[in-house]
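The values are calculated or read from the model by the stated rules, or taken from the named source; none is laboratory data. What you see is a predicted model; the values in this text were computed from it and never measured. Here the Cβ positions follow ideal geometry from the backbone for every residue, glycine too, while neighbour counts run over all protein chains shown. Surface accessibility is based on the protein's heavy atoms, side chains included, excluding ligands, DNA and RNA. Shrake-Rupley method; radii C 1.70, N 1.55, O 1.52, S 1.80 Å.
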Amino acid sequence: MIDFLRTPDERFVDLPGYDFSPHYIAQDNGLRMHYLDEGSGDHVFLCLHGQPTWSYLYRKMIPPLSAKGRVIAPDFFGFGRSDKPIEEDVYSFDFHRNALIALIHALDLTNITLVCQDWGGLLGLTIPLTMPSRFTRLIVMNTGLGTGDRVLGAGFEAWKQFNRAQKDLNIASLLKRSTPILSDLEAAAYAAPFPDARYKAGVRQFPELVPSTPDSPGAAISRAARDWWKTQWNGKSFMAIGEADPVITPDAMLYLHSLIRGCPAPLHIAKAGHFVQEWGDQVASAALLSFSE
């Protein structure tokens, strides 16, 4: 039995730009996962967020994507409206990855466009090689693969140390500093799932889970994914790079670009930082146009 907290529903009332109905699914571990389910059609856009965000991150991309297919945007455990295990040790690379795989199976998602950024990519990019017949397209933003055999970079190490020192990370302030185009209400909405520090075990733990050595949990599957994307991937791809990101730098993204077989030239967004989805209208429109060519 996993001890968890569940954010009260009233915390999610009247969030700016987030007028979506909640959906829930219970997993075998006893935890309830939240996801958005918008639009319909043969194409499925599986939108995976990172840390310390949640499905609110995709509010600008969901309308254009849902006009072209079905959008599924889950909240990782520990984030958004999903249950939040209290103990930090519960959170692991495999814990999160297995939860995503279980969701895909439970909803029987096929013809998937993987839409990912940050941990959405660190985890999400390792899944198609496990179930390649389910994935047909990719939209990837500032992220990477935690292969454990590359230096993670000074920007990430600085972020990791900062996050480790924040037992009660001020999420609204962080989002506002990193993404100045956000209104105060939008920045506060990112913090809505976390009434106090007890709800932030997942926030505290995620940076610690990035594989940093070849034998770190998740490193082996990430190396296998690196090889798969480079040699086996046959789908359509689109990459958007937020050039003002000090953590996942443009150079890191260009390295990732070199690993994705057949990926066309990236879309560079000069003012976008880590949270590229805040320029989501532009990204979604460019991606859909690229896929139609």
For this session: From Ser258, Ser237, Ser290, grab the single residue that is modelled with pLDDT of 95 or more, among the small types (Gly, Ala, Ser) and open to solvent by 60 Å² or more (accessible area, probe 1.4 Å).
Result: Ser258
Exercise. Would it be correct to say that Gly273 is in contact with a Ser or Thr (Cβ under 6 Å, 6 or more places away or on another chain), assigned to a loop (DSSP other than H, G, I, E, B), surrounded by fewer than 23 Cβ atoms within 10 Å (Cβ to Cβ) and in contact (Cβ under 8 Å) with a residue 24 or more places away in the chain?
Worked result: yes
Exercise. So which residues in the range 1-22 are open to solvent by less than 60 Å² (accessible area, probe 1.4 Å) and either within 20 Å of Val71 (Cα to Cα) or basic (Lys, Arg) (or both)?
Worked result: Phe12, Leu15, Pro16, Gly17, Tyr18, Phe20, Pro22
Seminar exercise, completed: Condition set of a type in the set (A, V, I, L, M, F, W, C) and closer than 27 Å to Val90 by Cβ, scope the range 150-165, selection least open to solvent (accessible area, probe 1.4 Å): answer is Phe156
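Can you find, within the range 276-287, the residue that is nearest to Lys176 (Cα to Cα) among those that are open to solvent by less than 10 Å² (accessible area, probe 1.4 Å) and either modelled with pLDDT under 95 or of a type in the set (A, V, I, L, M, F, W, C) (or both)? Can you show your working first?
Initially, the range 276-287 is screened for residues open to solvent by less than 10 Å² (accessible area, probe 1.4 Å), giving 276-278, 280, 283-284, 287.
Adding the requirement that they be either modelled with pLDDT under 95 or of a type in the set (A, V, I, L, M, F, W, C) (or both) leaves 276, 283-284, 287.
On the way: Val276: 14, Val283: 20, Ala284: 22, Ala287: 26 Å.
Residue satisfying both the conditions and the ranking: Val276.
Could you tell me which residue of the range 166-217 is least open to solvent (accessible area, probe 1.4 Å), considering only residues that are among the hydroxyl-bearing types (Ser, Thr, Tyr) and under 29 Å from Asp149 (Cα atoms)? Don't jump to the end; show me each part of the working.
Our first condition is that a residue be among the hydroxyl-bearing types (Ser, Thr, Tyr); within the range 166-217, this holds for 173, 178-179, 183, 190, 199, 212-213, 216.
Narrowing further to those that are under 29 Å from Asp149 (Cα atoms): 178, 212-213, 216.
Details: Ser178: 44, Ser212: 59, Thr213: 56, Ser216: 23 Å².
Here the answer is Ser216.
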Seminar exercise, completed: Of (1) surrounded by 22 or more Cβ atoms within 10 Å (Cβ to Cβ); (2) under 25 Å from Leu129 (Cα atoms), Phe79 fails just (2)
